[in-house]
Amino acid sequence: MKIKIGEGSELVGEQILQVTAYDEDEPGSPNSLINYRLLNESPEFSIEDKTGTIRLIRDLDRERQDLYELFVVAEDSGSPKLSSIALVSIQIEDKNDSPPKFEIYGPSGILNPNSGANSASRVVKVMEDWPVGGVVTQVVARDADLGLAGRVRYSFVDKEEDFSLDEVSGVLRIKRELDYETTSIYNLTIRARDLGTPSLHSETYIVVEVRK
């Protein structure tokens, strides 16, 4: 038996499905009285021993686990007890509940990875005579969702005239010549948003120091 349910907490306490077993022994006798239990107990699901009703008892997170396989035992009350086992597969469907999380890349690799907070920051230094079009750094955000909800696009939060940002790759480049005497420090706020509905986003802060 296979079913699909969405992640989240909306269904906590609700009936997910009901399994039913039949016993051909004499109706009303212990030999035909059936009890249900889970062979492999799960903290997310419970089963009512008399009815076979399976309920969700904990919120689901597809990024934590996307498939549950419950082995349901139906056992009569006769002597000896006889039983059968059924497999219930529960597929967790994705929804856009994970915002992009930043990692920041520089010449030496990953710098100051964001381990779950909504923002990260980094200081980078560039020479005043660095050419127009030269790469300053790259921002990379990961999104654990699926489909469009896992695709990330980058943008400046505030209008920026001296730097450009590739919306797909997150590469930050010099847009026009830098002048140490005019501006020696830039504070850039970059947003990563996914393409899900609704769209979720995170921000990172980059301080660019211009050196002579």
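The values are calculated or read from the model by the stated rules, or taken from the named source; none is laboratory data. Predicted, not measured: the structure shown is a model, and the values here were computed from it. Cβ coordinates were reconstructed from backbone atoms using ideal geometry, including for glycine residues, and neighbour counts include every protein chain displayed.
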Discussion item. Every residue in the range 184-212 that is loosely packed, with under 14 Cβ neighbours inside 10 Å, in contact with a strand residue (DSSP E or B) (Cβ under 7 Å, 6 or more places away or on another chain) and among the charged types (D, E, K, R), please.
Written reply: Glu209, Arg211
Worksheet, complete the sentence: Condition set farther than 12 Å from Ala192 by Cβ, of a type in the set (Gly, Ala, Ser) and at pLDDT below 90, scope the range 111-143, selection surrounded by the most Cβ atoms within 10 Å (Cβ to Cβ): answer is Ser121
Worksheet item: Out of all the residues in the range 50-85, which are closer than 22 Å to Gln18 by Cβ, basic (Lys, Arg) and surrounded by 12 or more Cβ atoms within 10 Å (Cβ to Cβ)?
Response: Arg55, Arg58
Worksheet, complete the sentence: Inside the range 131-148, the number of residues satisfying the requirement of being in contact with an Asp or Glu (Cβ under 9 Å, 6 or more places away or on another chain) and not in a helix (DSSP H, G or I) is 11
Worksheet entry | Residue that is assigned by TED's automatic domain parsing to the domain that holds Asp25 and without any contact (Cβ under 8 Å) to a residue 24 or more places away in the chain, where the choices are Ser46, Ser84, Ser79 | Ser46
Worksheet item: Within the range 149-160, is there a residue that is in contact with an Asp or Glu (Cβ under 9 Å, 6 or more places away or on another chain) and either among the acidic types (Asp, Glu) or more than 19 Å from Pro99 (Cβ to Cβ) (or both)?
Response: no
Response to the item:
Quick count over the range 35-49, residues being among the aliphatic types (A, V, I, L, M) and either surrounded by 18 or more Cβ atoms within 10 Å (Cβ to Cβ) or within 20 Å of the chain's Cα centre (by Cα) (or both), is 1
Practice prompt. Pick out, from the range 1-83, the strands (runs of 3 or more DSSP E) lying fully within it that include 3 or more residues that are not hydroxyl-bearing (Ser, Thr, Tyr).
Written response: 2-6, 15-18, 34-38, 53-56, 67-76
Item to complete: Taking Val72 as the residue in question, decide whether it is more than 26 Å from Ala144 (Cβ to Cβ) and hydrophobic (A, V, I, L, M, F, W, C).
Response: yes
